[in-house]
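This report refers to the structure that appears directly beneath it.
The values are calculated or read from the model by the stated rules, or taken from the named source; none is laboratory data. Every value quoted in this text rests on a predicted model; they were computed, and no experiment measured them. Glycine also receives a Cβ, built like all others from the backbone with ideal geometry; neighbour counts cover every protein chain displayed.
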């Protein structure tokens, strides 16, 4: 499951290299439905590498707009599925994506990349019987090689026996 804002579309970084002693990340600004987004080249490169190990699914409020814009702008795989979300959260104080992600993933193992997990997400992941990895990104850096390496390592791990280890792995990077 791949979020976009804070994972691929970055925000909160210093706009100029001389500001706060930090350089802006590599990427470029694009307008998506009239809204400017700074799209990360590194995040796109990491997603292309992850596509070898994972079936990527857009888990973003962008919904079908992800497919409409991102393959063309960032040379990402086209034809990726996307989730649709209810506009009113179905769980009290829960992350608004949980219902759609659970419905899509069902009992499959899943890794979810997002910049905005809350306690409800971690509780949900812990309760899933299938292996589950939550990978938090910093919205000013997005999906870096650090998170990508974590994901690849997790994908290569043998699945635990259901009766031995049902607890989900969680990453808070």
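Odds and ends about this structure:
- Taking the criterion of being part of a loop (DSSP other than H, G, I, E, B) and touching a residue at least 40 places away in the same chain (Cβ under 8 Å), the residues of region 45-56 that qualify are 53, 54, 56.
- Scanning region 125-141 for residues being part of a loop (DSSP other than H, G, I, E, B) and within 25 Å of residue 27 (Cβ to Cβ) gives a total of 4.
- In region 16-25, of all residues being over 30 Å from residue 157 (Cβ atoms) and surrounded by 11 or more Cβ atoms within 10 Å (Cβ to Cβ), the one that is modelled with the lowest pLDDT corresponds to 19.
- Just one of the listed residues (132, 137) is in contact with a strand residue (DSSP E or B) (Cβ under 7 Å, 6 or more places away or on another chain), over 14 Å from residue 3 (Cβ atoms) and at pLDDT 95 or above, namely 132.
- Test: residue in region 115-129 that is in contact with a strand residue (DSSP E or B) (Cβ under 9 Å, 6 or more places away or on another chain), surrounded by fewer than 16 Cβ atoms within 10 Å (Cβ to Cβ) and over 17 Å from residue 47 (Cβ atoms): yes
- Hits in region 29-56 (condition: touching a strand residue (DSSP E or B) at 6+ places or on another chain (Cβ under 6 Å) and surrounded by fewer than 17 Cβ atoms within 10 Å (Cβ to Cβ)): 29, 30, 36, 41
- Summed over region 57-83, residues that are part of a loop (DSSP other than H, G, I, E, B) and crowded, with 18+ Cβ neighbours inside 10 Å total 6.
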